[in-house]
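Notes for the one structure printed next.
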Amino acid sequence: MAAPMADDSSAKSPTASGLDRRALKYSASIAYDRRLYRDDIAGSIAHARMLGKQAIISTEDADSIVRGLEDIRREIESDTFPWREELEDVHLNIEVRLREKIGDAAARLHTARSRNDQVATDMRLFVMQACEDTVAGTRALQSALLQLAEANRDVVVPGYTHLQRAQPVLLAHHLLAYFEMLDRDVRRFTVARENADELPLGSGALAGVPYDIDRDFVAKELGFSRVSRNSIDAVSDRDFVIDFHAAAATIMMHLSRLCEDIIVWSSAEFGFLKLPPQFATGSSIMPQKRNPDIAELARGRTGRVYGNLIAILTTLKGLPLAYNRDLQEDKEPLFDTVDTLLPTLEVLAAMIPALQIDAAKSEEAAAGSYTLATDVADYLVRKGMPFRDAHQAVTKLVASAQDSGKGLHELTLADFRACSPLFEDDILSLDVRSSIAARDVPGGTAPNRVEAALAEARKRLEGQS
Ligand code: ARG
């Protein structure tokens with residue numbers, strides 16, 4: 001066989017690589033999978049303790065393995081570990097180093113184990129941690145959104161549909177929309193963590209192992225709440241990685257939309273907010289510029305995260321059971337997504353509370369462009385007119401106001417009455433504030449509803465941290 005390292009069963013010892021150097025270089029994953037060292041060592045320690053407890057190896061050997069692995073962890077963390085490219089991956093690097101440190105006992109660690117169930121275990125531990133980190137980062141961003149909303153409780157902005165001014169809303173209401181999206185994202189990552197929370201060790205290469213092992217013990221040691229039910233499934237699927245990517249793609253989509261709002265709103269055309277200088281970049285040629293690069297990069301990197309989701313889906317789709325080396329390709333996209341998502345959450349959480357809101361500008365925009373037309377129609381409905389008729393009447397009113405270059409607030413009672421005799425002088429007190437206050441329904445933008453929503457959101461956030 002030309003490739004002894006590609007199949008654990010034919011590997012005589014971890015170092016016995018008869019591989020062509022180009023094949024070795026092509027197949028090595030050590031450049032990136034060293035990142036799994038903490039999970040790999042934790043898995044090995046739990047496995048060694050179990051082997052000792054079950055008298056599969058002596059307790060002396062088990063103890064010396066555990067001590068050796070802890071020592072190796074210290075070496076890695078103090079950057080003194082001698083990583084060896086020629087050893088293919090993190091598992092072999094650690095095992096070979098262990099042998100150097102504690103001698104022959106090290107060779108007993110791989111009893112009742114294969115790199116197939118080992119790497120699946122590492123990946124599950126890594127994904128569980130990544131989910132926890134993402135939830136924490138998302139909570140911090142929710143808190144930042146809430147902070148901005150609370151600090152600008154009275155600010156009015158135009159609500160948009162089709163990017164056309166539609167109806168006035170409170171800025172806090174708009175921001176709380178993102179809070180809700182992020183809440184669902186937290187749920188997705190919580191589920192992704194639950195899906196990863198299953199111990200593969202004990203599955204061996206694919207069929208289970210011929211030793212009296214204690215899988216529940218290992219699961220408990222590692223913080224898994226259950227053991228996998230099928231050894232073939234345990235070593236061959238990475239759907240829990242997909243779940244992480246899918247949740248990541250969705251949250252990045254939400255963040256990208258938030259960033260799009262920030263980008264558009266900070267333009268001169270909108271002017272509702274100014275980027276704090278510490279989060280805006282200048283131009284090398286135009287001295288007046290304050291560019292929203294952070295938001296643009298977050299929007300741009302969303303594409304990368306989508307790409308990583310597609311990459312893992314595509315890697316898995318044609319694989320026969322059980323383990324195939326293609327599965328090694330699960331790592332880089334995962335790391336890349338983690339390294340994109342967490343810093344995105346972090347930088348946005350820092351930037352958002354510092355956004356400088358121009359309340360006068362946004363309220364002016366909210367009052368312009370006939371955004372109260374719906375309220376005028378609703379007025380007629382309250383006077384008994386069917387909504388469709390009211391809609392038609394107000395369409396005409398708006399058209400004639402537009403013709404004479406007037407805003408709705410500039411119309412006289414006579415102008416209104418020319419449209420319908422149902423109008424009385426209370427129509428003249430309609431403004432953005434009364435329009436907003438009228439939307440007093442659960443989930444609506446009325447100030448009392450938004451106040452309650454802010455308080456509820458704050459409570460939800462604090463209840464979870
Ligand atoms: N580096 C490998 C991976 O990430 C480890 C498992 C190797 N197993 C094997 N049978 N070659 O998938």
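The values are calculated or read from the model by the stated rules, or taken from the named source; none is laboratory data. Since the model is a prediction, treat every value here as computed from it, not as a measurement. Please note: Cβ atoms are built from the backbone with ideal geometry, for glycine as well, and neighbour counts cover all protein chains shown. For accessibility, only protein heavy atoms count, side chains too; no ligands or nucleic acids. Shrake-Rupley method; radii C 1.70, N 1.55, O 1.52, S 1.80 Å.
Key figures
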item: Reach of K406 by Cα under 28 Å, taken over lysines that are not fewer than 8 positions away in the same chain; result: K361, K383, K396
item: Protection-proxy order for peptides 44-55, 277-288, 121-132, each taking the mean of Cβ atoms within 10 Å per residue, highest first; result: 121-132, 44-55, 277-288
item: Per residue solvent-accessible surface (Å²) - the stretch 207-309, probe of 1.4 Å; result: 50 Å²
item: Solvent-accessible area per residue for the stretch 29-80 (1.4 angstrom probe, square angstrom); result: 43 Å²
item: Eligible lysines near K53 by straight Cα distance, threshold 20 Å, same-chain separation 8 or greater; result: K220
item: Listed peptides 235-241, 315-321 by packing density, highest first (mean Cβ within 10 Å); result: 235-241, 315-321
item: Within the stretch 238-304, GluC sites (Glu not before Pro) in DSSP loop having at most 11 other beta-carbon neighbours inside 10 Å; result: E269
item: Where the Cα pairs of the stretch 79-195 fall when distances are cut into 5 Å bins, in %; result: 2, 9, 12, 12, 11, 9, 8, 8, 6, 5, 5, 6, 4, 2, 1, 0
item: Net lengthening on full extension, R184/E410 (0.36 nm per residue, minus Cα-Cα); result: 77.0 nm
item: Euclidean distance of C-alpha centroids, the stretch 94-122 and the stretch 234-281, integer Å; result: 41 Å
item: Cα point-scatterer Debye curve for the stretch 241-305, base-10 log of I(q)/I(0) at q = 0.12, 0.13, 0.14, 0.29 Å⁻¹; result: -0.37, -0.42, -0.47, -1.19
item: Burial ranking of peptide ranges 400-411, 67-78, 84-95 (average Cβ count within 10 Å, highest at the top); result: 84-95, 67-78, 400-411
item: The stretch 352-416 versus the stretch 22-83: alpha-carbon centroid distance in Å; result: 69 Å
item: Net lengthening on full extension, S27/A166 (0.36 nm per residue, minus Cα-Cα); result: 44.4 nm
item: 1.4 Å probe accessible area per residue over the stretch 332-423, in Å²; result: 49 Å²
item: DSSP H segments from the chain that extend 20 Å or more along their own axis, Cα-based, with Kyte-Doolittle mean of 0.0 or above; result: 115-151, 239-265, 293-317, 331-351
item: FRET efficiency for D20 and E60, using Cβ-Cβ distance with R0 set to 30 Å, rounded to 0.05; result: 0.15
item: Expected-Rg normalisation [2.2 N^0.38 Å, Cα atoms] applied to the chain; result: 1.34
item: Share of carbon and sulfur in the accessible heavy-atom surface of the chain [1.4 Å probe, %]; result: 52 percent
